[in-house]
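Accompanying notes for the structure given below.
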Amino acid sequence: MAGPRVDDIYDQVKAMAVSFRVRPGDRLNEVALSKELGVSRTPLREALNRLVAERMFDFRPGQGFFCRPLDAQSVFDLFELRQIIEIAAVRAACAKASDAELQALRDELYATGIDITGLTVEEAVSRDEAFHLGIATLSGNAELVQTLTRINERIRYIRWISMSLDRLQRSKEEHKQVMQALLERNADEAVRVLGAHIAKRMDQVQDAVRHGISSIYMEGSQNIAARIIEEAQG
């Protein structure tokens with residue numbers, strides 16, 4: 001079993017992969033990374049192998065570890081899988097969650113997830129993920145929650161890129177509609193709204209990927225994440 005040290009390294013390197021601090025397709029310099037993190041290469045290699053299994057990195061025999069590519073088809077497939085998972089989650093939540101659990105999710109949504117003015121893009125996406133994971137949790141299926149968590153990690157950077165003020169406004173309204181359908185135990189309505197809320201067309205994904213790659217090279221992923229949302233009119 002991996003020790004805490006490997007877990008810490010895993011968390012640090014995963015954060016780099018999720019935000020594309022290592023650029024897509026770049027080969028990892030294990031020596032430099034081990035020095036940067038202040039760790040030996042053995043636990044670093046173990047952490048990297050775990051991230052390969054999660055498809056955050058690729059390993060090429062004789063060449064080493066490479067940051068996963070950012071390609072439209074893979075991203076589209078992940079959004080499509082996310083839609084399938086979340087539709088299953090919201091149906092299960094309608095059937096299984098208690099009234100108290102649904103009310104608690106509603107209270108949390110309105111306390112922290114509606115007003116995004118003044119937040120960074122990273123914070124706004126984090127709140128959005130928390131609401132969707134809250135629904136998944138109410139499905140009572142831990143494997144479903146884990147799967148959705150990993151999907152979110154792999155598409156997070158694209159969501160930073162594609163987020164706009166208009167989209168955020170629509171997202172807020174759709175969250176309210178999904179929450180109301182959950183409170184009414186109206187699974188069909190919850191699925192209808194949530195399915196449309198999550199869906200991405202291939203042309204939208206291709207555009208986000210193009211902008212994403214350009215932003216990585218021109219301004220850096222951390223600058224994208226740190227953008228402040230000034231208003232949400234609509």
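Mean-square fluctuations from a GNM of the chain, with a 10 angstrom spring cutoff on Cα atoms, peak among 88, 124, 208 at 88. Between the labelled values [x] 0.96; [y] 0.99; [z] 1.02, the entry that holds Rg/Rh (Cα atoms, Kirkwood Rh) as derived from this structure is [y].
With the full set of protein chains in place, find how many percent of the accessible area of region 70-132 is carbon and sulfur; take the probe as 1.4 Å. Summing carbon and sulfur atoms, their accessible area is 52 percent of the total for region 70-132. For region 101-155, the spherically averaged projection of the C-alpha convex hull amounts to 3.9 nm². Using alpha carbons only, the radius of gyration of region 64-141 set against its Kirkwood radius gives Rg/Rh = 1.08.
Between the Cα long axis of helix 41-53 and the first principal axis of the chain there is an angle of about 40°, rounded to the nearest 10. Taking the C-alpha atoms only, the angle from helix 72-96 to the longest principal axis of the chain is near 40 degrees.
Relative to the current alpha-carbon distance between residue 204 and residue 99, full extension at 0.36 nm per residue lengthens the span by 34.1 nm. Put the Cα centre of region 36-54 next to the Cα centre of region 105-162 and the gap is 27 Å. Only Lys, Arg, Asp and Glu carry charge here, each on its Cβ (+1 for the first two, -1 for the last two); on that basis the chain has a dipole of about 760 debye about its Cα centre.
The values are calculated or read from the model by the stated rules, or taken from the named source; none is laboratory data. Values in this document were obtained by computation on a predicted structure and should not be read as measured data. Here Cβ is always computed from backbone atoms with ideal geometry, including for glycine, and neighbour counts include all displayed protein chains. For the accessible areas, the whole protein counts, side chains as well, though only heavy atoms, and no ligand, DNA or RNA atoms are used. Shrake-Rupley method; radii C 1.70, N 1.55, O 1.52, S 1.80 Å.
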